[in-house]
Structures are given as structure tokens and as C-alpha cells.
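So the structure is just underneath, and the comments pick up after that.
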Amino acid sequence: MNPAAAATAIGQPSAIAMVFFFLFIAITLGITYWAARRTSTTEQFYAAGRSITAGQNGFALAGDYMSAASFLGIAGLVSTTGFDGLIYSTGWLVGWPIVLFLIAEPLRNLGRYTFSDVVALRFRQTPVRIAAATGTLATVILYLIAQMVGAGGLIKLMFGLSYEQAIVVVGCAMIAYVLFGGMIATTWVQIVKAILLLAGAAILAVLVLLRFDMNPLALFAAAAERYGAGVLAPGKLVSSPLDALSLGLALMFGTAGLPHILMRFYTVPDARAARLSVFYATGLIGVFYLMTFILGFGAMVLVGPDAIRAVDAGGNMAAPLLAELLGGTAFLGFIAAVAFATILAVVAGLTLSGAAALSHDLWVNVVRGGHADAREQLAVARIATVGLGVVAIALGIAFKGQNVAFMVSLAFAIAASANFPALVLAIFWRRCTTAGAVSSMAVGTVATLSLIALSPTVQVDLLGNATAWFPLKNPALVTIPLSFAVGIVVSLVAPEQGAAARFAALSRQLHFGDDQS
Amino acid sequence: MLRAALDGAPSRAVAASALTSARGAGYPSAPMAKPTKPRTEHARPGRQQGSSAEEALEHLARSRTRVGMLLTLAVFTVYFGFIAAVAYARPLLGSLVAPGLSVGILAGALVIVAAWLLTWVYVHWANTRYDPALRALRER
């Protein structure tokens, strides 16, 4: 029934996986060395000197976004439940059009390094910077914890390294990329990772389809024949429509508030390139999710759900098991290394955006009131990078063994409720004020964190209580409208003279851009 | 709409109504804007060029916002339509279109394809309408 279960090399220290992995590390450190010599200004450190092309940024955006969780997690979910995995795939994708329609171009034209630049443009700097940096750091740290803990567990399973060793290796490599190579190195690490991940998934999908006359429908039919027609229909995932709606809102609008994604739009020369890069990224990510669906069904039919659960109860090893079955230990090693590289690239992007919030928003614009010379800015950015890297390693080890999967959707909820509304109000609404934007961000952050703490995710799943005070697993359904409402009401109650007048200037810059860059 | 933006010089009545509507909407600086407004009206013949360019930019800004919001609404409808179907029309999504292909799988894949096509629609609009209009404005 499950031929792969006994024979799997997963969990054994794998020489081939190690070789592939160290090859990736060597290549990316080489890129970092090359990038380091091109990283001497803050514009190069944070924004790659605005030299990234639309196509490159499309791959880098895809690289930043396609996490190991979506590769292994969705393939695993499909392999054990069938259709339901597709619900996740669609949710992870639909945020990208929103990024394009509302955020990407204004962001490129209005800001320099962080999304706070855009919100702070026509309001008072200090309160806006503090609120926006808080939202950024909350998002980044939650996302980092989830990625680090995932990395530790994954590497333990795949390479046989200890959890702590794995965290330290990931942490040190990521610090090296960002510290020395800044955004140039981070961008190229993302591009290499995106190509490897897409290629790995594509090869695996073709290997699966070769067994079914290159016809996905034959694959689905085989799954239905063996495990019942239920695998092609909605299962238990969407048992509560309100929960599904709330998670959907968080994914859809959270993508447009993720600091490490938003920061990427500053790396391209102009708004047109920003626009095209989202189009490319959406296509790449869409194709990737369609391929993970094939991989999931392939694993269900060829490996079998029981064999997959036997290796990892969460189903996360479906894609690696499939790789081993179809391509042998060597291909398993390649896929394992790709999954590791994936995590490494995502945490590098997160760390850079967190460091930008600490140094550019908080240090340069709040503490130093915008008066810090280039050398000081760069030095602070690098100190912030190391600090954040060490914090990420510490948190990764502190959260060992905890169920942190919910932290990714929590990060999306904060991004959607704290960052996205303020950004939209600042860009599109003439009458928004400093107090409105700040209260929207503050309420968004605090309400999201509080409601998550009171939700079934924490109260029932984590703490083992019988019931939770707040019924929804993800609070976005409440917190996004709340954050918009607070921003609008506060702006209307206390109008601000200068802010409205500056909107005209903002409107001009939104379309024409800053002619200097 | 965009034609109007490109033509650049709509009637003075449109300009005046745009100004009054901005004030009527309770623009915070309305009391301050009051004395300056007649002055700009009087100065218009001399500043025809600049003033209509500003108007054209405002038109363009409004059409860009409208396109962005409409497409956002489209993605919203497609995705939450799919989620609603998953929640409330399970038997339908489970029914087969072809051997191996359920309505649900087809719909899910179409959501992904539709999201991408909508980004293409926006890019196409921006490249063929918005950018040229912007270029025309910049050249003034």
C-alpha cells in the first residue's frame, strides 16, 4: 500500500542534500561578495540603487513570497485532503492584483525605502514613523518566527541536523547576505531561489505527469478512483464561512501591507517597472501554485496519504517524498536544498525590511529628525541587521516545538489591518490627517494582536481551553474595517490644515514621480 | 474620460464646478480657499495652460483610481464568489465536468488564471492609456 514508507531517506543525514545546499550557500555568498562592492550608499543598501529591472524584480517578488510553507504546506495539504489545498493557493495569490491596482506605483513614486515614507509624506513625521515602524516590526517578527521555527523543523527532518544548529546556520547566512550585500544581494538571492524553486517544482510536476500521459485530469481521476470522489470536492477546510471570509480578507489585503514585499518596489527605476514586475510576479506565483496542486495529487496517488502522514503528521513531507520516489535520493537532496534555500531567502528579505524600519524610520527620521549623514545611516542599518538577525535566531530557538503555523496568518492580519488601511488612506484620501493615520495603524496593530490572543487559535489550540472569547480564528474581518473606520472618524473629527493642502503636492508626485530618481 | 484628459482644456464651467464641489465637500481649508478662488478665476486667461493641465491631471488621477477600484472589486468578487461556493455549494463543486475534473478544481484554477488576467488588464490599460496621457501632460 505504501511502498515509500519504509524506504525513505528522509530524516537521515543526506550527503547529496548537503552538497546541493552548500553549493547554494557558496553561490549566494559569491553573489553577496559581488554585491558588497556595489553597496556603499543607503540607496544601494535599501533599494539596490534602483537598478533592478521589471523582470528581475518579478522573480525577486515571487522569491520573497513563495515560502517553504506554501511549497511543502500546500503540496502536503493537497496530498492529504485533495481539493481543499486549492482554497489556500487561491487565497495566497489574490493579494497580488490588489498590490498592483492600489499600491505598487504610488509607493514607488512617493517613497524612498520603506512604506512609512509614503504615509509620512504629508503628515507629521514622528508619530507616523513610530506607528508605521511598529506595524512593520510586528509583521516582520511574527513572520520571522514562523519561518525560523519552520526552518529548524524542516532541516531536522531533511538533513538530520539538530534544530538549534539549523537555526544558527540559517540566521548566520541571512545576516551575511543582508549585512554585506544589502538589497542587491538580497534581490539576487531571491532571484536564484525563485528559479530553483520553480524549476524544482516544474521538474517534479513533469515527472508526475509522465506517469499519466501528461494529462492532469488522468491524475485527478486516478486519485478519485483510489480515494473516492470526495478528494475532488470541498472537504472540511471551510467548515465556517465566516472564518474563511476572515482569512481570505487577511490574505487578500495583507499581501499589500507586507513590508518586505512593499520594499521591493523601490528597487526598480520607475513606476512602470514596478507595475510590470507585479504582473510577472503574479504569473510566476500563479503557475507555481498550479504546479503544487499537481504535486499534491501526485503525492496522494503515487506515495499515498498514509505514507506521507507516517513521516510527518502535518503532511509537509509530501513533495520531498514524491521527489524521492520519482527521482531517487539525488533528486530528494535537490528538493530538500531548494526548500532550505527558500526559507533562507524569505528570512533575508524580512530582515532587510525590519532593519530599514529600525534604522531609516526610527533612527534617522525620529531620533535624528532626518539629519543623519550617509555613513551614519549605513552604519545604523547594518547594526539593525545584526540585531534583528540575532533576535530572529533567539526567537527561533525560544519557540522550538511550538505550533507557530498561525503566526503567518497573524502576520498577514497585522499587515492587512495596521499597514494597508493607513497606506490606502494616505494615498487616496484628501482629508486624512496625521492623527487619523496614526490611530488607524495603532488600533489595527493592537486590535489584531488582542483578538488573536482571544481567538480559538490561541485559546483552544494553544492553551487548551474549551472555548474562546472571540469566535474567529483570524481577526481580519473585524480589524480591517475597524482600522479604516478609526482612521476616517479621527480624521473627520479633527481636521488638520496642512495635511489636506499637501495632498495636492502628493497627488502630483504620485503620477509624475520624484524627478530626481 | 481619458479622451477628456488628453484633450486637456475642458470648459471653464467644469473647472468651476470641480472647485465648488471640492469646497462643498467640506474641504478643511475651505474658509482659506474662499478668497483665493475668485483670484484664480480672474487670473485664468493668463494662466490657461497651467490651470487646464492641473485639471487634466486631476481627471487622470480620478480615472486611475476608478480603474484600480473597479479591478479590485472584480478580484474581490471572483475570489469571495469562489469561497462562497466552497462554503454553500459543495455538491455543485463536487460534480464532474469531465472524468477527473470537478467544477471545484476548474473554478479554483480559473480564480488563479482570472487574477492574473486582471493584472494584465490593468497593465494593458496603464501602458496604452495612462502612460501616454501622463507623457502628454509632462510635455506641456
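Values in this text are rule-based calculations from the coordinates and carry no lab data. This is a predicted model, so every value here is computed, not measured. Here the Cβ is made from the backbone with ideal geometry for all residues, glycine too, and neighbour counts use every protein chain on show.
General remarks:
- Couplings for the range A:216-222, taken from phi via the Karplus curve 6.51 cos²θ - 1.76 cosθ + 1.60 with θ = phi - 60°, read x, 5, 5, 5, 4, 4, 5 Hz in order; Gly and Pro are left as x.
- Along principal axes, Cα extents of the range A:236-347, largest first, whole Å: 48, 40, 22
- Summary value for chain A: 30 percent relative contact order, contacts being C-alpha pairs under 8 angstrom separated by 6+ residues.
- Listed by chain and number, the aspartates and glutamates whose alpha-carbon sits under 18 Å from that of A:LYS400, ignoring those within fewer than 8 places in the same chain, are A:GLU164, A:ASP312, A:ASP461.
- Inter-part distance where the range A:299-377 and the range A:119-185 are each reduced to a Cα centre, Å: 10 Å
- Each Lys and Arg contributes +1 and each Asp and Glu -1, all at the Cβ; summed about the Cα centre of the protein assembly as shown, the dipole is approximately 1880 debye.
- Legend: mean number of C-beta atoms from other chains within 10 angstrom of residue C-beta atoms, peptide B:85-96, equals 5.
- For A:ASP84, net neighbour charge (Lys/Arg +1, Asp/Glu -1) across residues whose Cβ lies under 13 Å away: +2
- Per residue of A:417-430, other chain Cβ atoms within 10 Å of the residue Cβ number 1 on average.
- Degrees separating the helix A:405-414 axis from the principal Cα axis of chain A, which is the longest one: 20 degrees
- The simple Förster model, with R0 at 25 Å and r as the Cβ-Cβ distance, assigns A:ILE27 and A:GLU164 a FRET efficiency of 0.45.
- In terms of Cα atoms, the Rg and Dmax of chain A work out to 22.5, 73 Å.
- Approximating the spin labels as points 7 Å out from Cα along Cα→Cβ, the A:ALA330-to-A:ILE383 distance works out to 5.1 nm.
- Mean residue ellipticity (222 nm) of the protein assembly as shown, computed from DSSP H runs ≥ 4 via -39,500 (n - 2.57), nearest 500: -24500 deg cm²/dmol
- Efficiency of FRET between B:GLU58 and A:SER51 - r from beta-carbon atoms, R0 35 angstrom, step 0.05: 0.60
- The range A:47-77 and the range B:55-76 have Cα centres lying 27 Å from one another.
- 17 Å cut-off, amide nitrogen to a point 7 angstrom out along A:ARG502 Cα→Cβ, residues in the range A:109-145: A:109-133
- Here the range A:201-250 and the range B:94-134 have alpha carbon centers that stand 19 Å from each other.
- The long axis of helix A:476-493 is offset from the longest Cα principal axis of chain A by roughly 0 degrees.
- In degrees, nearest ten, helix A:497-512 long axis to first principal axis of chain A (Cα): 50 degrees
- Simple rule: put +1 on each Lys or Arg Cβ and -1 on each Asp or Glu Cβ in the protein assembly as shown, find the dipole, and look at A:LEU198, A:ALA274, A:LEU154; the Cα lying farthest toward the positive end is A:ALA274.
- The range A:86-156: proportion of alpha-carbon pairs further apart than 17 angstrom, %: 64 percent
- For the pair A:LEU237 and B:LEU70, label points projected 7 Å from Cα toward Cβ lie 3.2 nm apart.
- P(r) tail, the range A:11-100: Cα-Cα pairs separated by more than 23 Å, 50% of all pairs.
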